[in-house]
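Data block below; observations after.
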Amino acid sequence: NNSQNNSQNNSQNNSQNNSQNNSQFEKKILTKAESYERQLTLVTVLKCISLNGIQKIKPDLMILLEKSKFFKVMTWIHDFSGDYYLCIDCHLKDDDLKNEVFEYI
């Protein structure tokens with residue numbers, strides 16, 4: 001009986017911890033350095049995927065990237081895909097890239 005109670009308590013505690021961890025993850029605001037580092041990591045991973053592979057996941061990926069404000073990654077994908085006109089839009093949405101839009105053109 002005690003082992004059943006302990007098991008139920010552990011299960012409830014794990015559930016509560018998971019929901020707290022998820023809500024903490026969702027609320028975390030990235031610093032510019034953290035965002036840049038994550039975007040750089042993602043570009044490195046995407047470089048391992050062929051153009052065909054990226055084209056297959058591009059629509060869904062772009063939605064996620066825009067929600068995350070990962071415009072540097074979006075710029076890289078558009079550039080890699082040859083969609084240069086979309087790169088300009090990403091440059092204008094990103095505070096760091098905005099200053100480089102004329103240089104890009």
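Values in this text are rule-based calculations from the coordinates and carry no lab data. What you see is a predicted model; the values in this text were computed from it and never measured. Quick reminder, even Gly has a Cβ in these numbers, built from the backbone with ideal geometry, and neighbours come from all protein chains shown.
Computed extension length for L30-D89: 19.0 nm, one decimal, from 0.36 nm per residue of separation with the Cα-Cα distance subtracted. For K93, a cut-off of 20 angstrom between C-alpha atoms picks up these aspartates and glutamates, skipping any fewer than 8 places away in its own chain: E34, E37, D60, E66, D79, D83, E103. First measure r as the distance between the Cβ atoms of N99 and E37, then evaluate 1/(1 + (r/R0)^6) with R0 = 22 Å and state the FRET efficiency to the nearest 0.05. According to the calculation, E is roughly 0.60. From most to least packed by mean Cβ count within 10 Å, the peptides 63-75, 31-43 give 63-75, 31-43. Our summary gives the stretch 41-105 a relative contact order of 24 percent, counting only alpha carbon pairs under 8 angstrom and 6 or more residues apart.
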